[in-house]
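Peer 1: So that we are looking at the same thing, I have put the structure below in structure tokens.
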Ligand code: TXA
Ligand code: MG
């Protein structure tokens with residue numbers, strides 16, 4: 001666990017325009033002073049991230065939001081009271097002090113107050129909002145431990161260790177239309193959670209020029225083929241034949257990722273997102289299992305069981321679909 005001294009020296013790096021990887025409750029982030037264009041540019045270089053994909057700006061106190069947004073929408077307070085600190089990002093019209101590079105030229109900025117103590121301490125000690133994407137190379141698996149960060153971002157010297165992330169998948173990203181919210185990226189906070197607090201917009205699309213440029217079809221990918229299977233829709237015989245009769249699957253040793261606790265015969269290894277279909281547990285385990293299988297030299301390909309499209313299952317399926325995208329017919 002990062003000590004107070006390590007957090008303080010990480011804050012000095014941020015103040016000096018450098019990069020720090022740090023834990024949040026969702027995934028690890030790669031942070032820089034959000035108001036310093038050159039520091040923010042270093043994030044894009046280190047992540048090999050295309051410049052069209054905007055960053056989330058992290059704050060430690062609701063007061064800090066005033067300087068970042070154009071007008072203070074009163075719904076921010078309602079949402080902040082319900083979900084901050086926590087895994088919700090709100091996209092709002094940005095003020096002039098937020099550099100264009102942080103928002104990829106958009107007139108809006110995504111803002112979030114994380115609830116991880118190390119993250120909050122780091123933002124406070126740095127004395128500035130911190131722009132941070134997930135601390136992985138662009139398109140690869142998101143990190144939920146400090147070791148995952150070190151594996152991909154070898155150029156980042158300061159990685160604050162906060163152990164394994166408590167939530168395990170990224171924040172829900174929303175934008176606000178005049179009549180209510182629109183979900184731009186599914187995450188731990190669900191539509192049902194949000195609807196208890198503010199109405200959902202009747203428009204499906206955000207009332208902003210570009211909805212969410214970072215939402216690509218392929219993302220979160222392990223460096224091995226990944227396929228999805230809905231074993232509940234298969235007969236017992238189909239399940240038994242899956243490995244032999246599926247000519248889409250590569251040769252070699254497969255790993256199966258189970259969600260329901262059920263097994264699919266013929267795999268070299270089985271990992272469990274959950275042993276009994278628990279979605280929260282699955283979210284916590286998802287990226288860690290993908291990293292582990294990516295790193296296992298005895299595994300050639302991965303097959304993952306689909307999860308139900310309900311609650312945070314929507315966010316989990318979003319990640320799985322994107323991770324498997326390259327291998328879809
Ligand atoms: O949980 C999280 O959100 C993590 C932790 C580190 O906070 N961060 C994260 O950042 O997942 P990143 O960069 O991997 O994903 C941020 C996504 C972008 O790809 C984009 O789709 C959306 O948030 N986003 C950010 N700013 C936006 C804006 N101004 N308008 C629309 N979408 C935006
Ligand atoms: Mg990311």
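Peer 1: Can you give me the Cα centroid spacing of segment 164-195 and segment 1-75 in angstrom?
Peer 2: Going from one Cα centre to the other spans 20 Å.
Peer 1: If you rank 58, 219 by fewest surrounding Cβ atoms within 10 Å, what's the result? Each step should come with its number before you reach the end.
Peer 2: Details: 58 27, 219 20.
Least crowded to most crowded, the residues run 219, 58.
Peer 1: Once the Cβ-Cβ distance between residue 12 and residue 296 is put in as r, and R0 is 30 Å, what FRET efficiency do you end up with, to the nearest 0.05?
Peer 2: Numbers: r = 38 Å, r/R0 = 1.27.
Between residue 12 and residue 296 the formula returns 0.20.
Peer 1: Using the number of other C-beta atoms within 10 angstrom as an exposure proxy, rank 142, 175 with the fewest first. Don't skip to the answer; put the middle values down first.
Peer 2: Numbers: 142 26, 175 21.
Neighbour counts put them in this order, fewest first: 175, 142.
Peer 1: List 287, 22, 256, 227 from most exposed to least, where exposure is judged by having the fewest other Cβ atoms within 10 Å. Let's see the in-between values first.
Peer 2: Details: 287 27, 22 30, 256 24, 227 16.
Ordered from fewest to most neighbouring Cβ atoms within 10 Å, 287, 22, 256, 227 come out as 227, 256, 287, 22.
Peer 1: Antiparallel as a % of all DSSP beta bridges within the chain, to the nearest 5?
Peer 2: Numbers: 18 of 40 bridges.
Of the beta bridges lying entirely in the chain, close to 45 percent run antiparallel.
Peer 1: As a test of the formula, what do you get for the chain when each DSSP H run with n ≥ 4 contributes -39,500 (n - 2.57) and the sum is divided by the residue count, at 222 nm and rounded to the nearest 500 deg cm²/dmol?
Peer 2: Numbers: 9 runs with 93 residues, N = 329.
When only DSSP H runs of four or more count, the value is -8500 deg cm²/dmol.
Peer 1: Here is a follow-up. Relative to the longest principal Cα axis of the chain, at what angle does helix 37-47 sit, 0 to 90 degrees, rounded to 10?
Peer 2: It is inclined by approximately 10 degrees.
Peer 1: For the Cα atoms of the chain, what angle does the longest principal axis make with the long axis of helix 236-245, in degrees from 0 to 90, nearest 10?
Peer 2: 80
Peer 1: Looking at the calculated P(r) for the chain, what percent of the C-alpha pair distances fall above 30 Å? Write down the numbers at each step before the final one.
Peer 2: Numbers: 18796 of 53956 pairs.
Considering the chain, 35 percent of its Cα-Cα pairs are separated by more than 30 Å.
Peer 1: What's the center-to-center distance, using Cα atoms, between segment 266-321 and segment 118-149 in Å?
Peer 2: 23
Peer 1: Expressed as a whole percent, how much of the Cα-Cα distance distribution for segment 243-306 exceeds 13 Å?
Peer 2: Details: 1210 of 2016 pairs.
Counting every Cα pair in segment 243-306, those more than 13 Å apart make up 60 percent.
Peer 1: Please state the shape class of segment 219-263: rounded when a/c is under 1.5, otherwise prolate if a/b exceeds b/c and oblate if not, all from the C-alpha gyration tensor. Display every interim value, and only then the final one.
Peer 2: Working: a/c = 2.11, a/b = 1.32, b/c = 1.60.
Note, shape of segment 219-263 comes out oblate.
Peer 1: Can you classify segment 37-150 as rounded, prolate or oblate using the Cα gyration tensor, where a ≥ b ≥ c are the square roots of its eigenvalues, rounded means a/c under 1.5, and otherwise it's prolate if a/b beats b/c and oblate if not? Write out the running numbers ahead of the final one.
Peer 2: Details: a/c = 1.79, a/b = 1.26, b/c = 1.42.
Note, shape of segment 37-150 comes out oblate.
Peer 1: Here's another thing I want to ask about it. Can you give me the angle between helix 279-295 and the longest principal axis of the chain, using Cα atoms only, in degrees from 0 to 90, rounded to the nearest 10?
Peer 2: 70
Read-outs: derived from the displayed coordinates by stated rules, not from any lab. As the structure is a computational prediction, the values presented were derived from the model and not from experiment. Here the Cβ is made from the backbone with ideal geometry for all residues, glycine too, and neighbour counts use every protein chain on show.
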